[in-house]
Amino acid sequence: MFNRRLLHSILADRKATIALASTIGLAIAGGILIMWQARTISAICARVFLQGASLNEMKGALTALLIILFLRSGVVWVQEALADITARRVKSTLRTALCDQLFHLGPLYLRAERTGELNNTLVEGIEALDAYFREFLAQFAIAIAVPLTILIFIFPIDWVSGIMLLVTAPLIPIFMILIGSIASTLSKHQWQLLSRMSAHYLDVFQGLATLKIFGQSRAQIQVISKIGREHAAATLRVLRVAFLSSFTLELIATLSTAIIAVGIGLRLLNSSLKFEEALFVLFLAPDFYLPLRQLGQRFHASTAGASAAERIFEILDSHSSNGAQDIIYPTPDSQRLSNRPTIPISEIQFQNVSFAYPGETHSVLKQMSFTLKTGTRTALVGASGTGKSTIASLLLRFAHPTEGQIKI
């Protein structure tokens, strides 16, 4: 349900942290407004039906009710705005960090990755986190603050209904977690299929000319179609579980509200509970379960983001095992570069340079020695796989030699 790294991403940003804390504070304020609204409505109903109060007598109470409704709307609007700020700032931070990490890892890391899958992670993966930050985290704060506030107000008035609410409330999170674990697994599989489809489609598009030459372009239509059908089937499985979860949570909330309503009705007939208090508790019962139900729905909306986060942090935690991880590439500063004196380079020397890729036993380059002099052109000629691109990577410091030295 929670990803520590995603939460740390919020805490690392001061404005995002303030926005999230404000959301929690507004959730408590929203719970108090719900109390005030229920109390006002129950008082209006009691005075009109039991005491026969006229419209003029109820103008003050109706005006107060109207103010409460406006305040609740304002609180909801501000909560959504703050959640939007949190989501935008954290997504921007993660996207920047991911781009910087990919540039830092360099081409030798990217050679083992599929471009389409990385593009999908960088674009769709970051955007998938929107539901997690904008909806799930904000709703989690509301799902804690509102029910607790309601319980604090209900227990002094009707402790029996308070106990019923306290006992039935955990049923919703329990079923949400049970069904959510299945949804999380299916969502992870769906995300992997989406990444695979994106990677394969881009590979086909980039190699379309070659496929056309060898008469294999039409064969790829079937492959892409198959991957698309698999992704569609995985999406439907996720939706099926999401609908099942929503139905289960709605059923639990409805039955729990009905049990409380029956208990209130029986005690009202026995005159052990006043009409206004009974109505107050009855109005609060649906609002008690509503945040918990919405939490379950928004949890399913955030599972795609949680699945994408695993891949995002996997890339951020990657280390360039080619020996270049200690190099820091600073952001270019045009002013500083223009003022820096030019240092003439007379030659670049490769002295007994050897290099082996991580995980491979044989060396691509073995005891390579040559000199590149200023004003000359040197051609690297050789079959595919003999190390021409590797020499270029060594020159650009995307990698360090396994043995030997490069001198400038």
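Output the number of the condition that A141 fails; it satisfies all remaining conditions of (1) open to solvent by less than 10 Å² (accessible area, probe 1.4 Å); (2) under 14 Å from R298 (Cβ atoms); (3) touching a Ser or Thr at 6+ places or on another chain (Cβ under 7 Å).
Here A141 meets the rest and fails (1).
Does L20 satisfy the criteria of being at pLDDT 80 or above, under 24 Å from L148 (Cβ atoms), of a type outside the set (F, W, Y) and touching a helix residue (DSSP H, G or I) at 6+ places or on another chain (Cβ under 8 Å)?
Taking the combined requirement at face value, the residue satisfies it.
Somewhere in segment 110-127, is a residue on the phi < 0 side of the Ramachandran plot, at pLDDT 80 or above and not in a helix (DSSP H, G or I)?
Checked segment 110-127: no residue is on the phi < 0 side of the Ramachandran plot, at pLDDT 80 or above and not in a helix (DSSP H, G or I).
Can you go through I41, I68, I32 and tell me which one is closer than 20 Å to I154 by Cα and open to solvent by 80 Å² or more (accessible area, probe 1.4 Å)?
Answer to the check: I32.
Being at pLDDT below 80, open to solvent by less than 90 Å² (accessible area, probe 1.4 Å) and in contact with a Phe, Trp or Tyr (Cβ under 9 Å, 6 or more places away or on another chain) narrows it down to one residue among I154, I227, I150, I174; which is it?
Exactly one residue qualifies, and that residue is I227.
Would you confirm whether any residue within segment 47-58 is at pLDDT below 80, part of a helix (DSSP H, G or I), open to solvent by 30 Å² or more (accessible area, probe 1.4 Å) and on the phi < 0 side of the Ramachandran plot?
Yes, there is a match, as at least one residue in segment 47-58 is at pLDDT below 80, part of a helix (DSSP H, G or I), open to solvent by 30 Å² or more (accessible area, probe 1.4 Å) and on the phi < 0 side of the Ramachandran plot.
Please determine whether any residue of segment 284-303 is modelled with pLDDT of 80 or more, open to solvent by less than 20 Å² (accessible area, probe 1.4 Å) and of a type in the set (F, W, Y).
Checked against the condition, which is being modelled with pLDDT of 80 or more, open to solvent by less than 20 Å² (accessible area, probe 1.4 Å) and of a type in the set (F, W, Y), segment 284-303 yields at least one hit.
I'm told I182 meets every condition in (1) open to solvent by 80 Å² or more (accessible area, probe 1.4 Å); (2) modelled with pLDDT of 75 or more except one. Can you identify the failing condition by its number?
With (1) open to solvent by 80 Å² or more (accessible area, probe 1.4 Å); (2) modelled with pLDDT of 75 or more applied to I182, the lone miss is (2).
Restricting attention to segment 352-364, which residues are closer than 12 Å to E403 by Cβ and either open to solvent by 60 Å² or more (accessible area, probe 1.4 Å) or touching a Pro at 6+ places or on another chain (Cβ under 8 Å) (or both)?
N352, V353, S354, F355, listed by residue number.
So, T210, is that one surrounded by fewer than 16 Cβ atoms within 10 Å (Cβ to Cβ), β-branched (V, I, T) and modelled with pLDDT under 80 or not?
It is true that T210 is surrounded by fewer than 16 Cβ atoms within 10 Å (Cβ to Cβ), β-branched (V, I, T) and modelled with pLDDT under 80.
Looking at segment 384-408, which of its residues are open to solvent by 70 Å² or more (accessible area, probe 1.4 Å), of a type in the set (S, T, N, Q) and under 15 Å from I348 (Cα atoms)?
The answer is Q405, and nothing else.
The values are calculated or read from the model by the stated rules, or taken from the named source; none is laboratory data. Because the structure is a prediction, the values reported are computed rather than measured. Every residue, glycine among them, receives a Cβ derived from its backbone with ideal geometry; neighbour counts consider all protein chains shown. Surface accessibility is based on the protein's heavy atoms, side chains included, excluding ligands, DNA and RNA. Shrake-Rupley method; radii C 1.70, N 1.55, O 1.52, S 1.80 Å.
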